[in-house]
Every structure is written in C-alpha cells, then in structure tokens.
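The values are calculated or read from the model by the stated rules, or taken from the named source; none is laboratory data. If you're wondering where the values come from, they're calculated on a predicted model, not measured in any experiment. In this analysis, Cβ positions are derived from the backbone assuming ideal geometry, glycine residues included, and neighbour counts consider all displayed protein chains. Keep in mind that these areas ignore ligands, DNA and RNA; they rest on the heavy atoms of the full protein, side chains included. Shrake-Rupley method; radii C 1.70, N 1.55, O 1.52, S 1.80 Å.
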Amino acid sequence: WAASTHWATDRSECDWYGVSCVRMGSAGSDGIIREISLPGNGLTGSIPPGAVLAGVGGRLAGLDLSGNAVGGTVPEALGVFANLSVLDLRDNDFTGRIPESLGRLKNLEYLYVDGNAITGRMPDGVCSLVEDGVLNPVAADCAASGGLECDPDCCECV
C-alpha cells in the first residue's frame with residue numbers, strides 16, 4: 001500500500017486513509033462508511049467475497065479502487081450495496097464476467113471497468129439501468145479489442 005494510515009489498527013474505520021463516513025453520535029467518532037477511495041494506492045490481490053460486507057454495511061455510496069493491481073473476479077456480493085452510486089474498478093487486473101447482481105444497483109450512476117481483462121457479455125440488468133437513465137454508459141474495454149461484449153447504447157468502449 002502506498003498509504004494505509006490507521007488501517008488494521010484499533011482506530012475507527014472512519015479514521016482510516018481513503019474512508020469517508022457520515023459521523024454519528026455525540027463524539028462524532030463513529031459513523032457510517034459512505035465511501036472507500038483508494039485509487040493508485042498500490043493495492044494487490046483480490047476482493048474476497050465475504051470481505052465485501054465486513055464492517056461496511058449497506059450504505060456505501062462510492063467505491064474507487066482504480067489504478068491498482070487488484071485482480072480476480074468482480075464479487076457478486078457488490079450487488080448488495082443498494083446506495084452505491086460510483087463503482088470505479090478501472091485499470092486493475094480483474095478477470096471473468098461482470099456479475100448479474102450489479103443490475104440491482106438502482107442508484108448506480110457511474111461504472112468504470114475498463115483497463116481490466118473482463119470478458120463475457122454485459123448483464124442485461126446493468127444495461128437496463130443505462131436505458132432507464134440512472135446509469136451513465138459503462139466505460140469498458142469492448143469485444144472489438146478482445147474484451148467485454150456490450151451494446152453501444154450501454155457501454156462507452158475505450
């Protein structure tokens with residue numbers, strides 16, 4: 001990690017580098033995690049499916065892991081974050097398919113998955129969010145360059 005201030009300590013998650021919270025309580029030390037932003041922070045490995053819910057809860061609005069070396073598949077469990085409006089996974093080492101569960105994110109406005117080795121077809125549920133005007137076109141490496149199969153109305157091929 002390039003910056004990991006207070007991570008893996010007994011400090012509140014709201015004090016961790018890259019974590020933004022809505023503060024609760026009289027002292028304001030505890031809160032609800034609203035955003036995790038760790039772009040270009042030298043992260044490696046994968047996102048374990050069980051770790052997606054650990055300590056975060058369902059109120060996460062933004063997750064930015066762009067510009068790291070995070071790999072493996074995009075976890076299906078990300079689809080539980082009903083308040084997620086930004087999911088930025090670009091420029092990592094993700095492989096496999098986009099999970100169907102992302103089509104359940106009715107507040108998702110921005111989805112960036114370009115710069116990975118993602119294949120398969122963009123789930124219909126995700127494209128429906130674009131059609132409904134909720135989600136902006138998804139930034140993706142499209143099949144023409146060996147990546148994701150996606151309708152032009154759904155994806156912005158980069």
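Below is a table of values for the structure above.
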{"item": "Relative contact order (percent, whole number), segment 56-158, Cα cutoff 8 Å, 6+ residue spacing", "result": "22"}
{"item": "Cα extents of the chain along the three principal axes, largest first (Å)", "result": "52, 31, 23"}
{"item": "Cβ-derived FRET efficiency at R0 22 Å, SER4 paired with ALA117, nearest 0.05", "result": "0.25"}
{"item": "FRET efficiency, MET24 to ALA82 (Cβ-Cβ, R0 22 Å, nearest 0.05)", "result": "0.70"}
{"item": "Surface per residue (accessible, 1.4 Å probe) for the chain, Å²", "result": "49"}
{"item": "Carbon + sulfur, % of accessible area of the chain - ligands and nucleic acids excluded, 1.4 Å", "result": "49"}
{"item": "Surface accessible to a 1.4 Å probe, ASP141 within the full protein complex, Å²", "result": "40"}
{"item": "Segment 59-107 - percent relative contact order, Cα under 8 Å, separation 6 or more", "result": "47"}
{"item": "Scaled radius of gyration (Cα, divided by 2.2 N^0.38 Å) that segment 78-129 gives", "result": "1.06"}
{"item": "222 nm mean residue ellipticity, helices alone, for the chain (DSSP H n ≥ 4; -39,500 (n - 2.57); rounded to 500)", "result": "-1500 deg cm²/dmol"}
